[in-house]
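Written below as structure tokens is the structure these notes are about.
The values are calculated or read from the model by the stated rules, or taken from the named source; none is laboratory data. Owing to the predicted nature of the structure, the values given are computational and were not obtained by experimental measurement. Here Cβ is always computed from backbone atoms with ideal geometry, including for glycine, and neighbour counts include all displayed protein chains.
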Amino acid sequence: MNSKPMSESTEMYLKAIAELDDRNSVAVARLAERLSVTNVSANEMVRRLGEQGLVLHKPYKGVTLTKKGRGVASNVLRRQRLWERFLHDHLKIEWAQVYDYACSLEHATAPEVTEALAVFLGHPEICPRGNPIPAEDGSFEPLDGILLSEVEVGTAVRVLAVNATATDVLKYLQERNILPGRELEIVEAAPMQGPLTLRVEKKEVALGLSLAKFVIVEPI
């Protein structure tokens, strides 16, 4: 892809933009929040990425990946999600922790190792969180779902994927059984941006709208 390896910070920023939304603009403030950095730091890094032709930044509108940036991001996501699959399926690491551990491995994984890992795993198409694993050429089939936060009351849905990355958030969802493949029903939506009440396997649980935005579902 590139003869000169990208820095770890560059890869992290590009991956974060792709995870948040690789087709539409991502607000710099949202990117900063995702990476736990200040807005000043995020703006400076975005400026550098723009100079390298990896992103386009329109003030007050947000950041989008260029074709070059999307290629790098897809490569990082491939490594990340293959490692998630290995850690979860073969080392039996807890679902809520595999993302964090995989992050530590992705930046030190050579292309030959990545492809050997893909062969070993049988070329999986999704990671344990349900998100698509890009192919070797960077392509992948986007999820055809909607955010849980947008589902109407009374609707039954199946969880397709969880797009959260913070271990505490993943742990919270895991403890409430809001995992890929689970079926649930929206029982109630509290007014004034209040929490959703969900029925998950005959048990009712509450979930704030901010967390519901991490959960991608499909009607059943």
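Here's the yes/no breakdown for (1) among the hydroxyl-bearing types (Ser, Thr, Tyr); (2) closer than 25 Å to residue 47 by Cα:
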residue: 60; (1), (2): yes, yes
residue: 67; (1), (2): no, yes
residue: 71; (1), (2): no, yes
residue: 74; (1), (2): yes, yes
residue: 81; (1), (2): no, no
residue: 84; (1), (2): no, no
residue: 89; (1), (2): no, no
residue: 93; (1), (2): no, no
residue: 98; (1), (2): no, no
Problem set entry | Long-range neighbours under 7 Å by Cβ, at least six apart or interchain, first residue within 16 Å of residue 98 (Cβ to Cβ) within segment 170-182, second charged (D, E, K, R) and crowded, with 17+ Cβ neighbours inside 10 Å | 180/129
Seminar exercise, completed: Residues of segment 24-71 being more than 21 Å from residue 5 (Cα to Cα), touching a residue at least 40 places away in the same chain (Cβ under 8 Å) and charged (D, E, K, R), in sequence order, are 34
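Being within 25 Å of residue 214 (Cα to Cα), touching a Gly at 6+ places or on another chain (Cβ under 8 Å) and surrounded by 12 or more Cβ atoms within 10 Å (Cβ to Cβ): is that true of residue 71 here?
Values: within 25 Å of residue 214 (Cα to Cα): yes; touching a Gly at 6+ places or on another chain (Cβ under 8 Å): yes; surrounded by 12 or more Cβ atoms within 10 Å (Cβ to Cβ): yes.
Considered against the rule, which asks whether it is within 25 Å of residue 214 (Cα to Cα), touching a Gly at 6+ places or on another chain (Cβ under 8 Å) and surrounded by 12 or more Cβ atoms within 10 Å (Cβ to Cβ), residue 71 comes out as yes.
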Exercise. Among the residues of segment 183-209, which ones are assigned to a helix (DSSP H, G or I) and either of a type in the set (Asp, Glu) or free of Cβ contacts under 8 Å to residues at least 60 places away in the same chain (or both)?
Worked result: none
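State yes or no: is residue 129 surrounded by 13 or more Cβ atoms within 10 Å (Cβ to Cβ), within 22 Å of residue 30 (Cβ to Cβ), at pLDDT 95 or above and of a type in the set (Lys, Arg)? Talk me through it step by step, then tell me what you get.
Values: surrounded by 13 or more Cβ atoms within 10 Å (Cβ to Cβ): yes; within 22 Å of residue 30 (Cβ to Cβ): yes; at pLDDT 95 or above: yes; of a type in the set (Lys, Arg): yes.
Criteria met by residue 129.
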Seminar exercise, completed: Checking 105, 117, 173, 121 in turn, the sole residue that is in contact with a strand residue (DSSP E or B) (Cβ under 7 Å, 6 or more places away or on another chain) and among the hydrophobic types (A, V, I, L, M, F, W, C) turns out to be 173
Exercise. Cβ-Cβ below 8 Å, separation at least six or inter-chain, first residue in segment 132-148 and farther than 18 Å from residue 162 by Cβ, second among the acidic types (Asp, Glu): which pairs?
Worked result: 136/115
For this session: Identify the single condition in (1) more than 22 Å from residue 126 (Cα to Cα); (2) crowded, with 20+ Cβ neighbours inside 10 Å that residue 203 does not satisfy, given that it satisfies every other one.
Result: (2)
Seminar exercise, completed: For segment 144-169 the number of residues that are assigned to a loop (DSSP other than H, G, I, E, B) and touching a helix residue (DSSP H, G or I) at 6+ places or on another chain (Cβ under 8 Å) is 3
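Any residue at all in segment 125-137 that is assigned to a helix (DSSP H, G or I) and not hydrophobic (A, V, I, L, M, F, W, C)?
In the first step, residues of segment 125-137 are kept if they are assigned to a helix (DSSP H, G or I); the result is none.
There is no residue in segment 125-137 that is assigned to a helix (DSSP H, G or I) and not hydrophobic (A, V, I, L, M, F, W, C).
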Seminar exercise, completed: Per the filter on segment 74-112, residues small (Gly, Ala, Ser) and touching a Gly at 6+ places or on another chain (Cβ under 7 Å) are 74
Seminar exercise, completed: Apart from one, (1) assigned to a helix (DSSP H, G or I); (2) within 16 Å of residue 21 (Cα to Cα); (3) aromatic (Phe, Trp, Tyr) all hold for residue 172; the odd one out is (2)
For this session: Starting from residues that are without any contact (Cβ under 8 Å) to a residue 40 or more places away in the chain, over 15 Å from residue 6 (Cα atoms) and among the small types (Gly, Ala, Ser), keep the ones in segment 74-115 and report whichever is surrounded by the fewest Cβ atoms within 10 Å (Cβ to Cβ).
Result: 104
